[in-house]
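Report on the following structure.
The values are calculated or read from the model by the stated rules, or taken from the named source; none is laboratory data. Just so it is clear, the structure is predicted and the values come from calculations on it, not from any experiment. No Cβ is skipped: glycine too gets one built from the backbone with ideal geometry, and neighbour counts run over all protein chains shown. To get the accessible areas, we keep the full protein, side chains included, count just its heavy atoms, and leave off ligands, DNA and RNA. Shrake-Rupley method; radii C 1.70, N 1.55, O 1.52, S 1.80 Å.
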Amino acid sequence: MSMSEKIKIAIIKRKTTVSEVAKNLKISQSNLSNKLARDNFNERELRKIADVLGYDYKAVFIDPETKEEI
């Protein structure tokens, strides 16, 4: 699942909109929509989005054979 898909699910679960999230991030709705369309986020942006939506953000590497998280 792409990061954009995860963000969209989080937006739906929080019963909010892309426009509202963009407003809280202090960016334009079109900027956030474009980032969602391109699935183009850096880690700082992902942390901010998680914070605005009331989620924790966790980035991990997972070994596909052992399922160990790094």
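Which FRET efficiency value, to the nearest 0.05, is calculated for Ile27 and Phe61 with the Förster distance at 25 angstrom and r the Cβ-Cβ distance? Walk me through the numbers before you get to the answer.
On the way: r = 28 Å, r/R0 = 1.14.
Using R0 = 25 Å, I get an efficiency of 0.30.
Which of the lysines could a cross-linker span from Lys67 if the Cα-Cα distance has to be under 30 Å and same-chain partners fewer than 8 positions apart are dropped?
Lys6, Lys8, Lys13, Lys35, Lys48, Lys58
Restricting attention to region 13-63, which chymotrypsin sites (Phe, Trp or Tyr not before Pro) occupy a DSSP loop and are surrounded by at most 10 other Cβ atoms within 10 Å?
Phe61
Taking only protein heavy atoms into account and a 1.4 Å probe, give the accessible area per residue of the chain in Å².
76 Å²
In region 1-55, what trypsin sites (Lys or Arg not before Pro) fall in a loop by DSSP, with at most 13 other Cβ atoms inside 10 Å? List each step's numbers first, then the result.
Working: sites: Lys6, Lys8, Lys13, Arg14, Lys15, Lys23, Lys26, Lys35, Arg38, Arg44, Arg47, Lys48; in loops: Arg14, Lys15, Lys26.
Passing both the DSSP loop test and the Cβ count: Lys15, Lys26.
Can you pull the one-decimal nm distance between simple spin-label points at Glu69 and Arg38, each 7 Å off the Cα toward Cβ?
Output for this residue pair reads 3.0 nm.
Taking only C-alpha pairs under 8 Å that are 6+ residues apart, what is the relative contact order of the chain in percent? Spell out each step's value before the answer.
Values: 43 pairs, mean separation 16.9, N = 70.
Taking the mean separation of contacting Cα pairs over the length of the chain, I get 24 percent.
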